[in-house]
Structure formats: structure tokens, C-alpha cells
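Shown next, in C-alpha cells, is the structure this report addresses.
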Amino acid sequence: QVQLVESGGGLVQAGDSLRLSCAASGRTFSAYAMGWFRQAPGKDREFVATISWNGDITYYGDSVKGRCTISRDNAKNTVTLQMNSLQPEDTAVYYCAARGGSASYYIRAYDYWGQGTQVTVSS
């Protein structure tokens, strides 16, 4: 089992930046690829970013590419998502997820999920 706890969400204005963090506990963090997803009201959960177990491979969703950076610190069991130039359409609950395999943008590939952190961007 892996427990994931997200933090760093909040209310910001368009153009601002936010840094989301996900703290993991349980089994060996470095054994897992990590991902960030988001879900806006009335919409399906959407892929944001993923990173391989050692950080060498990253993928980003088209809607955030060029504005977000995912990184991880295996010594601290954390994964972060730096988001820049936020827009109202970025408003969503952001979820951290872990999977015991390669980095993936498929939601169903992930085994463990956090409870999410709300990001609200005002115009």
C-alpha cells in the first residue's frame, strides 16, 4: 500500500503560479512512477503529468505542456507539480497517483490515489 497526500492548492489569480506537492508513505516510493491528474466540475478526470521512478522520463498533457513541470525527490518521498501562467480553465481538483510500473498517462494504469487538492484560478 502507498498513501498519498496532496498539498499546495488554493485560490490564485490568472497568470499566477502554484506548486503542488504530494507526500507518499508506505512502500518504497522510488519503486513507483507518479502522476498528476485533475478533475473539473462536471468533467472527466484528465491527465496532467507523469514521471518515471527515477525522474528520467516525464510526459505532460497537451493542456499544460510548457506551463507545468513535474519533479520528484525520492529521498523525501515527494513529487511536485510546478504550475505557471495559470488560467481559469486550470480550475480543478488535482490528484496525485502512483503505479508500480513505467510512467503513464492512462488513468486506469494507476493503483493508488490521493484525496486531491483544490486549485481555483480567478480571472
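Key figures
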| read-out | value |
| --- | --- |
| Derived scalar couplings ³J(HN,Hα) [region 106-116; Karplus, 6.51 cos²θ - 1.76 cosθ + 1.60; whole Hz; x for Gly, Pro] | 8, 4, 6, 6, 8, 9, 10, 9, x, 7, x |
| Percent carbon-and-sulfur accessible area, the chain, ignoring ligands, DNA and RNA, probe 1.4 Å | 46 |
| Positive minus negative residues near residue 84 (Lys, Arg vs Asp, Glu; Cβ under 10 Å) | +1 |
| Stokes-Einstein D (µm²/s) once Rh is taken as the Kirkwood radius of the chain over alpha-carbon pairs, at 10 °C in 1.306 mPa s | 113 |
| Cα centre as origin, Lys/Arg/Asp/Glu Cβ charges: the chain dipole, Debye | 220 |
| Accessible area in square angstrom per residue, region 81-123, 1.4 angstrom probe | 49 |
| Relative contact order %, the chain, counting alpha carbon pairs below 8 Å whose residues are six or more apart | 37 |
| Dipole of the chain, positive end: most advanced residue of 117, 104, 8 [Cβ charges, Cα centre] | 104 |
| Rounded to whole Hz, the Karplus (6.51, -1.76, 1.60) HN-Hα couplings of region 18-32, x for glycine and proline | 9, 10, 8, 10, 9, 9, 10, 9, x, 6, 4, 4, 5, 7, 10 |
| Label-to-label distance, nm, for residues given as residue 115 and residue 39 (7 Å Cα→Cβ offset) | 1.5 |
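The values are calculated or read from the model by the stated rules, or taken from the named source; none is laboratory data. Fair warning: this is a prediction, and the values are worked out from it, not measured in the lab. Please note: Cβ atoms are built from the backbone with ideal geometry, for glycine as well, and neighbour counts cover all protein chains shown. What goes into the accessible areas is simple: the full protein's heavy atoms, side chains included, and nothing from ligands, DNA or RNA. Shrake-Rupley method; radii C 1.70, N 1.55, O 1.52, S 1.80 Å.
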